[in-house]
1. For the stretch 382-417, which residues satisfy the criterion of being open to solvent by less than 20 Å² (accessible area, probe 1.4 Å), under 18 Å from A349 (Cβ atoms) and in a helix (DSSP H, G or I)?
2. Among the residues of the stretch 29-68, which ones are of a type in the set (G, A, S) and on the phi > 0 side of the Ramachandran plot?
3. Within the stretch 340-370, which residues are within 22 Å of the chain's Cα centre (by Cα) and within 21 Å of K407 (Cβ to Cβ)?
4. If you take just the strands (runs of 3 or more DSSP E) that sit entirely in the stretch 193-242, which of them hold at least 2 residues that are over 22 Å from the mean Cα position of the chain (by Cα)?
5. Being small (G, A, S), at pLDDT below 95 and either in contact with a helix residue (DSSP H, G or I) (Cβ under 6 Å, 6 or more places away or on another chain) or in a helix (DSSP H, G or I) (or both) is the filter here, so list the residues in the stretch 1-50 that pass it.
6. Please verify whether the stretch 114-125 includes one or more residues that are of a type in the set (F, W, Y), touching a residue at least 40 places away in the same chain (Cβ under 8 Å) and either out of contact with any strand residue (DSSP E or B) (no Cβ under 8 Å at 6 or more places or on another chain) or more than 21 Å from P18 (Cα to Cα) (or both).
7. Looking at the stretch 408-434, I want the residues that are farther than 16 Å from I392 by Cα and among the hydroxyl-bearing types (S, T, Y) and have a partner that is at pLDDT below 85 and assigned to a strand (DSSP E or B) with Cβ atoms under 6 Å, at least 6 apart or on another chain. Which pairs are those?
Amino acid sequence: MVTAMTYEEICDYIYKIPKFTKKNDLSHTKELLRRLEIRTYAFEIIHVAGSNGKGSVCAFLQQALTEGGCSVGMFTSPHLVCMEERFVINGQMCSREDFEESFHAVRAVVEDMEGDGLAHPAFFEYLFAMGMYLFQKHRVYFLILETGLGGRLDATNVFEEPLCTVITSISLEHTQILGDTVEKIAWEKAGIIKAGVPVVFDGSNPAAAHVIRGCARRMGAPFYEISLESIKFLRCTGKNIDFCLRTGYDVVTLTIPFAAEYQMMNAALAYRVLELLQCDTGIGREQIIQYLPHTRWAGRMQQIAPGVYLDGAHNADGIAQFVRSAAKIGGDSPLLLFGMMQEKDCAGAVRCLCEGVDWDGVIVTGIRDERSAAPEELAELFAANGQRVKVIGDSGEAYRYAMESRKEQQVVFCAGSLYLIGELQTIAGGISHD
């Protein structure tokens, strides 16, 4: 029998799941949803996979659909501050009451499954089930699902007939799980492609694009590739970017509320999806153009104060994209606050950061997680690359030091793990930047 738990106890339980269970196959997830009585056929699914940009594409889609009057649910990961962020219904993060209700509903089913000898759901699988419970409760019609890891074997890949699939940029990540080449990783991501269902994808990596095209052809799925050549940068104000997108014979001018140029591709993917689904959504091109600039997505080159940016670049491609953006909008000799998880390629990340930007100084800090890279080790890497570096282990103290020591008009970039960005979101919210 399920006993009532406080919000804090629920969060503690979920965070401990990886310590006592492991990933299950998709048949387990399907059985979990069946016992929850989830009517999977009741949703129009937009399924998004990729290495970088998944969350941003989801945010663009969610903004346009919600503002266009559709009933929309969105499931994304990871969260920055609280787990409720993962479940968005009609533009709003789910309430704490809904979060607690969904946990207990899933927990009751899990106890029955365990009683029948079935395994406990994995961390991501449990959260996905909670999301599906909430989306059904609130009767959302369109459902935007971001994969957690990979695509082919991801818990979200249980729907046979999504409305559309999307594959964002592909790069080397989680190589011990997904494969050690871009082609192998692209094949795993392309596992979300379904027979006859259109797929929109980032074609900027030739090796990945070749794999995705091949998978789409074998599945008889219409495919729509967004190439770098189809995107033309126009201008950046520091807060917004204007760019042109060519789709076939049409050219459209789009404005997005981000300073990072990599968001042009993410917006282009979302625009193309929305353009293809006009008959399903009732949202026309002019409306799409009008709605996209209203998108908000925390922690992705997010300006939280004048000259202060947060960016959760956490893998090689993300770091490279961050560096290109920082070099363009950072002015002369910006300041860097950085922290990373130990399982990432810290040496490669530091090398890329030091080669691409002329930093005035670097502050390295820790993350309140046992997997945090040691700040002292990161400092050694920066020093070996010729940087002037200061170690402040506590992220709150590090952020305050950065704000107090920055020179007049100096730009500050806070980058690295999304876990660090989540901590800084909370810390910055309690600090005046006047």
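1. F382, S395, A398
2. In the first step, residues of the stretch 29-68 are kept if they are of a type in the set (G, A, S); the result is 42, 49-51, 53, 55-56, 59, 64, 68.
Within the stretch 29-68, G50, G53 meet the criteria.
3. Passing the criteria: only L353.
4. Working: elements: 199-202, 223-226, 231-236.
The strands (runs of 3 or more DSSP E) meeting that bar are 231-236.
5. First, the residues of the stretch 1-50 that are small (G, A, S): 4, 27, 42, 49-50.
Restricting the remaining residues to those that are at pLDDT below 95 gives 4, 42.
Of everything in the stretch 1-50, just one residue is small (G, A, S), at pLDDT below 95 and either in contact with a helix residue (DSSP H, G or I) (Cβ under 6 Å, 6 or more places away or on another chain) or in a helix (DSSP H, G or I) (or both), namely A42.
6. yes
7. Sorted first by the residue in the stretch 408-434, then by its partner, the list stays empty.
For (1) modelled with pLDDT of 90 or more; (2) open to solvent by 20 Å² or more (accessible area, probe 1.4 Å); (3) of a type in the set (D, E, K, R), each residue gets a yes or a no:
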{"position": "G248", "(1), (2), (3)": "no, yes, no"}
{"position": "E261", "(1), (2), (3)": "yes, yes, yes"}
{"position": "R272", "(1), (2), (3)": "yes, yes, yes"}
{"position": "D280", "(1), (2), (3)": "yes, yes, yes"}
{"position": "A305", "(1), (2), (3)": "no, no, no"}
{"position": "G312", "(1), (2), (3)": "no, no, no"}
{"position": "N315", "(1), (2), (3)": "no, no, no"}
{"position": "I319", "(1), (2), (3)": "no, no, no"}
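The values are calculated or read from the model by the stated rules, or taken from the named source; none is laboratory data. The model shown is predicted, which means the values in this text are computed figures rather than measured ones. Note: ideal-geometry Cβ built from the backbone for every residue, glycine included; neighbour counts use all protein chains shown. Quick note on the areas: whole protein, heavy atoms, side chains included, nothing else; ligands and nucleic acids left out. Shrake-Rupley method; radii C 1.70, N 1.55, O 1.52, S 1.80 Å.
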